[in-house]
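> Please read through the structure below; I'll follow up with questions.
The values are calculated or read from the model by the stated rules, or taken from the named source; none is laboratory data. Just so it is clear, the structure is predicted and the values come from calculations on it, not from any experiment. Cβ atoms come from the backbone with ideal geometry, glycine included; neighbour counts cover every protein chain shown.
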């Protein structure tokens, strides 16, 4: 049986291998990647990834050309988007999720899985 090489599968396999990360289908069809109840990013199929970053981190990543404005929040620093068009994008989406993962774990620890008790599931920021 051939290995599935779709970008979303590659991203989910890597990110869910990190301690405490789970993937859950969202209300709008997105695939949310979470540590406990905190989202570190979500995927829209194989074409786009969305993230939430602190404004200063968002600005740095935007200046580097790694993310763009989230389509629902044009012109707003914080919510970010990354198109997925090739292997370099897959690697960078994983790196961007790792950036959020490391921030969340440093601040809150791995925490309980979704449905468990923690501080209410706020996004990192």
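> Of the residues 41, 36, which is modelled with pLDDT under 95, surrounded by 14 or more Cβ atoms within 10 Å (Cβ to Cβ) and under 22 Å from residue 12 (Cβ atoms)?
Being modelled with pLDDT under 95, surrounded by 14 or more Cβ atoms within 10 Å (Cβ to Cβ) and under 22 Å from residue 12 (Cβ atoms) holds for just one of 41, 36, which is 36.
> Follow-up question, since we're still on this one. Can you name every residue in the stretch 1-57 that is in a strand (DSSP E or B), over 18 Å from residue 81 (Cβ atoms) and free of Cβ contacts under 8 Å to residues at least 40 places away in the same chain?
Residues satisfying the conditions are 23, 25.
> Which is modelled with pLDDT of 95 or more, surrounded by 13 or more Cβ atoms within 10 Å (Cβ to Cβ) and farther than 18 Å from residue 60 by Cβ, of 110, 90?
90
> From the list 85, 60, pick out the single residue that is out of contact with any strand residue (DSSP E or B) (no Cβ under 8 Å at 6 or more places or on another chain), over 17 Å from residue 15 (Cβ atoms), outside any helix (DSSP H, G or I) and without any contact (Cβ under 8 Å) to a residue 60 or more places away in the chain.
Only one candidate qualifies: 85.
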